[in-house]
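Visitor: My questions all concern the structure below.
All of the numbers you see were taken from the coordinates with simple rules; none came from a lab. All of these numbers come straight from a predicted model, not from anything done at the bench.
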Amino acid sequence: MAGRDSVLIAGGGIGGLAAALALAQKKIASTVLEKAAQLGEIGAGIQLGPNAFHCFDRLGVGEPARQMAVYIDQLRLMDAMADGEIMHVDLGRDFRARYRNPYAVVHRGDLHGVLLKACREHPLIALEVSSEVLDYEQDAATVTVRLGNGASATGRALIGADGLWSNVRRQAVGDGEPRVSGHTTYRSVIPTERMPEDLRWNAATLWAGPKCHIVHYPLSGWKVFNLVVTYHNDAPEPVAGEPVVTEEVRRGFTHICERAQNIIRHGQDWRMWVLCDREPVDRWVDGRVALLGDAAHPMLQYMAQGACMAMEDAVCLADALASHDRLEAGLENYRSRRVLRTARVQLMSRAMGDHVYHPSGPHAALRNAIMSAKSQAEWYAALDWLYGGSGLD
Ligand SMILES: Cc1cc2nc3c(=O)[nH]c(=O)nc-3n(C[C@H](O)[C@H](O)[C@H](O)COP(=O)(O)OP(=O)(O)OC[C@H]3O[C@@H](n4cnc5c(N)ncnc54)[C@H](O)[C@@H]3O)c2cc1C
């Protein structure tokens with residue numbers, strides 16, 4: 001394990017690996033401590049806004065990241081009752097010129113793989129598996145973590161990138177369990193030939209229906225389609241990745257149009273999650289300890305920004321540490337630069353669920369009237385706060 005000058009990072013997900021790479025770019029050594037016996041990601045898709053590509057460049061993985069992506073033409077919103085388009089956002093030349101990068105979809109495994117390869121090749125990054133961080137102690141110069149494998153590790157700082165159920169957060173913030181949203185998400189990745197031919201669109205497509213929605217887009221050079229279907233069924237308990245049969249998935253979607261229901265019939269090997277998030281908090285720092293990614297600001301996936309925000313956190317954290325002599329001042333600078341932006345995404349993600357993805361009756365009609373009236377220029381203006389600038393200042 002690396003020495004006491006190294007920064008300890010709890011968690012080797014997208015956020016933890018991005019943090020290690022960002023620190024390495026600033027010549028800061030780190031040790032990633034991952035709970036699982038192997039480093040990896042679940043086999044599903046992820047959408048990446050232009051802000052993710054700004055991060056890839058800053059992490060030194062711009063080229064391999066661009067190679068693994070499918071560049072989609074549109075974000076398309078469909079009415080799952082009327083079977084018609086409500087609106088779309090063009091992601092072509094004007095979008096790319098405005099935000100200086102594309103919008104893309106990637107396989108999570110590919111994204112994690114690009115980050116992991118770069119970490120493995122970097123001499124300033126050590127990766128340890130089977131190393132769950134249980135808790136920490138700190139003094140004026142160091143932080144020591146106790147690991148689930150009986151060992152301990154000491155570094156000059158600890159970054160809690162240990163996800164939704166973060167042990168580091170439990171100690172640093174102590175705000176109890178995440179909030180169970182009552183929304184159940186089912187995921188499946190299918191070969192492209194199983195996807196209904198008339199829906200093989202080069203778009204991230206969202207079918208919005210009463211208390212339910214369906215998302216699909218192509219992945220991995222169009223070899224597969226990612227299906228994510230969500231049902232607001234007031235599920236009371238958190239669930240992560242349990243296998244479930246197609247018949248159960250279909251149960252929440254019998255009220256929507258035939259074409260949208262049909263997508264679910266083509267799914268296979270479904271897995272289920274009951275989604276959680278948290279209220280935004282601004283206490284991400286405890287002395288030499290700071291939170292990052294889902295540990296800091298877990299959000300519903302409705303703005304497709306959780307991983308993008310984790311990578312932005314990583315770049316900002318490294319900038320802040322490199323530009324402050326005192327570690328605590330660097331962590332405080334990081335926190336103050338990230339809290340409001342991530343809180344906005346957390347709260348807007350919830351609002352999107354209520355007002356765009358799941359309304360019914362007059363509420364849905366109002367959604368359609370407002371959203372279909374906007375021009376492309378108005379959509380771009382509405383997205384400027386998220387994709388304009390670099391998100392990293
Ligand atoms: C259905 C769905 C769709 C999504 N779609 C998108 C999207 O399109 N775009 C987007 O940007 N985001 C999306 N997200 C969000 C995104 O997946 C997460 O925000 C992102 O993966 C968070 O990364 P992380 O590294 O912070 O946490 P995690 O991915 O949860 O990684 C945490 C890591 O820490 C490890 N760990 C946990 N506890 C400990 C411990 N105590 N000690 C050591 N290791 C520990 C875990 O094993 C894991 O490897 C989606 C999420 C869901 C649920």
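Visitor: Can you give the alpha-carbon Rg of the range 91-153 over 2.2 N^0.38 Å, where N counts its residues?
Guide: Here the Cα radius of gyration is 1.82 times the empirical estimate.
Visitor: Could you work out the percent of alpha carbon pairs in the range 64-118 separated by over 12 Å, rounded to a whole number?
Guide: Tail fraction, whole percent: 71.
Visitor: Now for a separate question. Quick query: amide H of Val239 versus all other amide H atoms, modeled in the peptide plane; which residues come in under 5 Å with a sequence gap of 5 or more or a different chain?
Guide: Val274
Visitor: Let me ask something else about it. From the Cα gyration tensor of the range 6-74, with a ≥ b ≥ c the square roots of its eigenvalues, which class applies: rounded if a/c is under 1.5, or else prolate if a/b is larger than b/c, or else oblate?
Guide: It comes out oblate by the Cα gyration axes.
Visitor: How much space per residue, in cubic angstrom, does the convex hull of the C-alpha atoms of the range 36-174 take up?
Guide: It comes to 182 Å³ per residue, whole-number rounded.
Visitor: Let me ask something additional. Is the range 105-251 best put as rounded, prolate or oblate by its Cα gyration tensor, with a ≥ b ≥ c the root eigenvalues, rounded for a/c under 1.5, and otherwise prolate when a/b is larger than b/c, oblate when not? Please report the intermediate quantities before stating the final value.
Guide: On the way: a/c = 3.11, a/b = 1.68, b/c = 1.85.
The shape class here is oblate.
Visitor: Go through the range 117-133 residue by residue and turn each phi into a ³J(HN,Hα) via Karplus (6.51, -1.76, 1.60, θ = phi - 60°); whole Hz please, and just put x for glycine and proline.
Guide: Working through the residues one at a time gives 4, 5, 5, 4, 7, 8, x, 8, 10, 10, 10, 10, 9, 6, 10, 5, 7 Hz.
Visitor: GNM on the chain, C-alpha springs below 10 Å: top fluctuator among Ala24, Ala373, Ala364?
Guide: Fluctuation is largest for Ala373.
Visitor: Report, please, the projected area of the range 111-186 averaged over directions, based on the convex hull of its C-alpha atoms, in nm².
Guide: Approximately 7.5 nm², given one-decimal rounding.
Visitor: Stokes-Einstein D for the range 288-335 at 37 °C, 0.692 mPa s, Kirkwood Rh over Cα pairs, in µm²/s?
Guide: 293
Visitor: Sort largest first and round to whole Å: the equivalent ellipsoid semi-axes of the chain, each the square root of five times a Cα gyration tensor eigenvalue.
Guide: That gives 36, 22, 20 Å for the three semi-axes.
Visitor: Rounded to whole Hz and in sequence order, give me ³J(HN,Hα) for the range 177-191 from the Karplus expression 6.51 cos²θ - 1.76 cosθ + 1.60, θ = phi - 60°, writing x for Gly and Pro.
Guide: 6, x, 7, 7, 7, x, 9, 9, 10, 10, 10, 8, 10, 10, x
Visitor: Report, to two decimal places, the Cα Rg of the range 166-232 normalised by 2.2 N^0.38 Å (N = number of residues).
Guide: Expressed relative to 2.2 N^0.38 Å, the Cα Rg reads 1.56.
Visitor: I've got another one for you. In sequence order, what are the phi-derived ³J(HN,Hα) couplings for the range 370-379 according to the Karplus relation 6.51 cos²θ - 1.76 cosθ + 1.60 with θ = phi - 60°, rounded to whole Hz, with x for glycine and proline?
Guide: So the Karplus estimates, Gly and Pro as x, are 5, 6, 6, 7, 7, 7, 4, 4, 5, 5 Hz.
Visitor: If you don't mind, another one. Amide H to amide H under 5 Å from Ser181: which residues, 5+ apart in sequence or cross-chain, H placed 1.01 Å off N in plane?
Guide: Those lying under 5 Å, H to H, from Ser181 are Leu275, Cys276, Asp277.
Visitor: So what are the range 188-284's ellipsoid semi-axes, whole angstrom, largest first, if each one is the square root of 5 times an eigenvalue of the alpha-carbon gyration tensor?
Guide: 25, 17, 14
Visitor: What value in Å³ per residue do you get for the convex hull of the alpha-carbon atoms in the range 207-249?
Guide: For the range 207-249, the hull spanned by Cα atoms encloses 101 Å³ per residue.
Visitor: Given all pairs of different Cα atoms, what value in angstroms does the Kirkwood hydrodynamic radius of the range 237-393 take?
Guide: Evaluated over the range 237-393, this radius sits at 18.5 Å.
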